[in-house]
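The values are calculated or read from the model by the stated rules, or taken from the named source; none is laboratory data. Here the structure is a predicted model, which means the values were calculated and not measured. Neighbour counts run over all protein chains shown; Cβ positions are idealised from the backbone, glycine included. These accessible areas exclude ligands, DNA and RNA; they are computed on the full protein's heavy atoms, side chains included. Shrake-Rupley method; radii C 1.70, N 1.55, O 1.52, S 1.80 Å.
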Amino acid sequence: MSEFLMLGWNVAIPEVDIGDDIFVVQDDNGTLRRVQVKTSTSTVRQGSFSGQFSVSVKNLRNISNILVHYIFLVRHNDEWSKPVIVRQDYLPDHFENNKVGSEAKGNITFYFSYHKGKVECSGQDFTKYIKDYTDFPKIEH
């Protein structure tokens with residue numbers, strides 16, 4: 001939430017949790033962004049670490065006119081990894097076309113591997129999504 005505030009966006013936590021963790025709003029024009037935060041503790045690998053995330057297929061494929069932005073964070077060595085920010089419509093595309101993640105029991109599990117500043121998921125490079133605040137441009141007040 002603090003990152004969005006630093007970018008000049010307003011943030012709110014919904015009173016009822018039906019999937020969105022944070023609403024991020026550009027006050028001057030009413031632009032609304034929905035955010036789902038996914039966290040994981042790290043699994044240490046040789047020279048790297050990984051994190052596992054589960055995303056509901058129902059929520060992922062329930063695309064409305066306001067897309068959800070998924071933010072993936074891994075707790076490693078008492079610190080949070082840099083956020084990997086992926087828009088809702090990109091994840092099913094990666095799953096279906098690039099074989100990223102595995103589906104079971106109504107969820108897609110994504111395994112992110114972190115090594116030397118890069119992030120991979122199922123062998124696909126997700127580095128471009130690290131701190132990708134493209135849909136959250138800095139607002140000057």
The range 116-132, subset part of a loop (DSSP other than H, G, I, E, B) and open to solvent by 40 Å² or more (accessible area, probe 1.4 Å), residue nearest to VAL100 (Cα to Cα): SER122
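What do you reckon, is ARG61 among the basic types (Lys, Arg), free of Cβ contacts under 8 Å to residues at least 40 places away in the same chain and surrounded by 12 or more Cβ atoms within 10 Å (Cβ to Cβ)? Reasoning before the result, please.
Working: among the basic types (Lys, Arg): yes; free of Cβ contacts under 8 Å to residues at least 40 places away in the same chain: yes; surrounded by 12 or more Cβ atoms within 10 Å (Cβ to Cβ): yes.
Criteria met by ARG61.
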Of the residues ILE66, ILE108, only one is among the aliphatic types (A, V, I, L, M) and open to solvent by 30 Å² or more (accessible area, probe 1.4 Å); which? ILE66
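Let's see how each residue does on (1) within 25 Å of ARG33 (Cα to Cα); (2) in contact (Cβ under 8 Å) with a residue 24 or more places away in the chain; (3) of a type in the set (Val, Ile, Thr):
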position	(1), (2), (3)
ASN77	no, yes, no
VAL86	yes, yes, yes
HIS115	no, yes, no
THR134	yes, no, yes
Look through the range 56-70, keep the residues that are touching a Lys or Arg at 6+ places or on another chain (Cβ under 7 Å) and in a strand (DSSP E or B), and return whichever of them is modelled with the lowest pLDDT. VAL68
Number of positions in the range 13-24 that are modelled with pLDDT under 95 and in contact with a Phe, Trp or Tyr (Cβ under 7 Å, 6 or more places away or on another chain): 1
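Tell me, which residue of the range 75-104 that is part of a strand (DSSP E or B) and touching a Phe, Trp or Tyr at 6+ places or on another chain (Cβ under 7 Å) is surrounded by the most Cβ atoms within 10 Å (Cβ to Cβ)?
Here the residue is VAL84.
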Considering each residue of the range 14-33, count those that are touching a residue at least 24 places away in the same chain (Cβ under 8 Å) and open to solvent by 50 Å² or more (accessible area, probe 1.4 Å), and give that number. 3
Counting only residues that are loosely packed, with under 15 Cβ neighbours inside 10 Å and over 19 Å from the mean Cα position of the chain (by Cα), which one in the range 34-54 is nearest to LYS116 (Cα to Cα)? GLY47
